[in-house]
Amino acid sequence: MATLELKNLHAEVVEADEKILNGVDLEVQSGEIHALMGPNGSGKSTTAKVIAGHPAYEVTEGEVILHLDDEDVPEDKQSWNLLDLEPNERAALGVFLGFQYPAEIEGVTMVNFLRQALNAKLEEREELFEDEEAEAEEEEDAGYETSPMEGPADEGEVDVAEFQQILSEKMDLLDMDEKFAHRYLNAGFSGGEKKQNEVLQAAILEPSVAVLDEIDSGLDIDRLQDVSNGINALRDEQGTGVLQITHYQRILDYVEPDHVHVMLDGEIAMSGGAELAEKLEDKGYDWVREEVYEAA
Ligand code: ADP
Ligand code: MG
Ligand code: MG
């Protein structure tokens, strides 16, 4: 079980000194689906990027904590202050932050890219979980300071054959065509295919919490259903927690959220269950604004 916790998060744009997030509180547990909704410009993508550690934003107040309370995680490694960590370290701990689509890489297939991503995660994770004291003793005993290479450097932890097995399982889980993974990265994936690749990457990296920013934008109904089925599979089969950022209610017909939050002006203005999304569909975000201002 894992929990991603945003506590009173304030952030501004580094270059412009412009405040964007004004005290965001949010808690996403593994296995839960949270929809983060709100009008354009309310701070949804900034929230995702701050969780990711995007350098354009400075956190001026508050915390982002990841709690990992699985049995196999040592007690002193169960609580992480993500704001102290690099983006790749956050990812290695199990926070999936969307697909960095490497469109510029020539001659790399999806399958190779995904295997590299998985190996990079596993290696980084191993380093983060390393017991420093035991490690130092081992090195002393062995009489050298750095570990010797184990196996060929370019092999990583998961070799080609093992990865093929993992990929088959995940493609099966997501009901995807395996031909997909053997295409080249720059070979003109459609918008919808890129979104499916994002879900595939999440399936392979098995994050505790996945932050998906507008994964529904620009999808036709068939592709929306495929992507939604994939997100449901991540939750149901892998126990992934999902922070589903969306402007529109539509995808929530297929991926039913446990919690819905409405962001206004860089804060969570209102939270509720799935019914809140339907209310928004009827009444719009202005209704939230009126409710909040009336109450204030
Ligand atoms: P949303 O995803 O809810 O549409 P964003 O988080 O993208 O909103 O943006 C929130 C506000 O912050 C907008 O007014 C946007 O123009 C501003 N903003 C976000 N990122 C930057 C940036 N890097 N530089 C300047 N302004 C930014
Ligand atoms: Mg607050
Ligand atoms: Mg956005």
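Throughout, read-outs are computed from the coordinates displayed, never taken from laboratory work. Source: prediction; values computed, not measured. With ideal geometry, Cβ positions are generated from the backbone for all residues, glycine too; neighbour counts draw on all protein chains shown.
Size of the dipole of the stretch 159-224 about the Cα centre, Lys and Arg at +1 and Asp and Glu at -1 on the beta carbon, nothing else charged, in debye to 20?
Its charge dipole is roughly 220 debye.
Using a ≥ b ≥ c from the Cα gyration tensor of the stretch 29-115 (square roots of the eigenvalues), is it rounded, prolate or oblate, where a/c under 1.5 gives rounded and otherwise the larger of a/b and b/c decides, a/b for prolate?
Cα axes put the stretch 29-115 in the oblate bin.
Once you put a point 7 Å from the Cα of E275 and another 7 Å from the Cα of N88, both along the Cβ direction, what distance in nm separates them?
Calculated label separation equals 4.8 nm.
What is the extension gain from E75 to E127, computed as 0.36 nm multiplied by their sequence separation minus the C-alpha to C-alpha distance, in nm to one decimal?
That works out to 17.1 nm of additional length.
What is the distance in Å between the Cα centroid of the stretch 1-59 and that of the stretch 217-265?
Spelled out, the Cα-based centre of one part sits 18 Å from the other.
On average, how much area does the Cα convex hull of the stretch 155-256 cover when viewed from any direction, in nm²?
Reported value for the Cα convex hull: 6.8 nm².
Can you give me the P(r) profile for the stretch 11-58? Cα pairs, bins 5 angstrom wide beginning at 0, each as a whole percent.
Percent of pairs per bin, in order: 5, 19, 28, 26, 14, 7, 2, 1.
As a check on your grasp of the helix formula, calculate [θ] at 222 nm for the chain: sum -39500 (n - 2.57) over DSSP H runs of n ≥ 4, divide by the residue count, round to the nearest 500.
-12500 deg cm²/dmol
I need the phi-derived Karplus couplings for the stretch 271-284: 6.51 cos²θ - 1.76 cosθ + 1.60, θ = phi - 60°, integer Hz, Gly and Pro marked x.
10, x, x, 4, 5, 5, 5, 5, 4, 5, 4, 6, 9, x
What is the calculated FRET efficiency for A187 to E290, with r their C-beta to C-beta distance and R₀ = 35 Å, to the nearest 0.05?
Once rounded, the FRET efficiency stands at 0.10.
Hey, in the GNM for the chain with a 10 angstrom Cα cutoff, which one of V73, V108, V95 fluctuates hardest?
Evaluated over the chain, the most mobile residue of the options is V73.
Over the residues of the chain, compute the C-alpha Rg and express it relative to 2.2 N^0.38 Å.
In units of the globular-protein estimate, the chain measures up at 1.07.
Suppose every K and R has +1 on its Cβ and every D and E has -1 on its Cβ; what is the size of the dipole of the stretch 179-296 about the Cα centre, in Debye to the nearest 20?
Here the size comes out at about 660 debye.
I need the phi-derived Karplus couplings for the stretch 19-26: 6.51 cos²θ - 1.76 cosθ + 1.60, θ = phi - 60°, integer Hz, Gly and Pro marked x.
6, 10, 9, 10, x, 8, 10, 7
Estimate the FRET efficiency between E237 and K283 by the formula 1/(1 + (r/R0)^6), using the beta-carbon distance for r and 45 Å for R0, to the nearest 0.05.
0.80
Can you give the % of DSSP beta bridges in the chain that are antiparallel, to the nearest 5?
65 percent
Run through the stretch 203-296 and list the chymotrypsin sites (Phe, Trp or Tyr not before Pro) located in a DSSP loop whose Cβ has at most 13 other Cβ atoms within 10 Å.
Of the chymotrypsin sites (Phe, Trp or Tyr not before Pro), the ones in loops of the stretch 203-296 whose Cβ has at most 13 other Cβ atoms within 10 Å are Y248.
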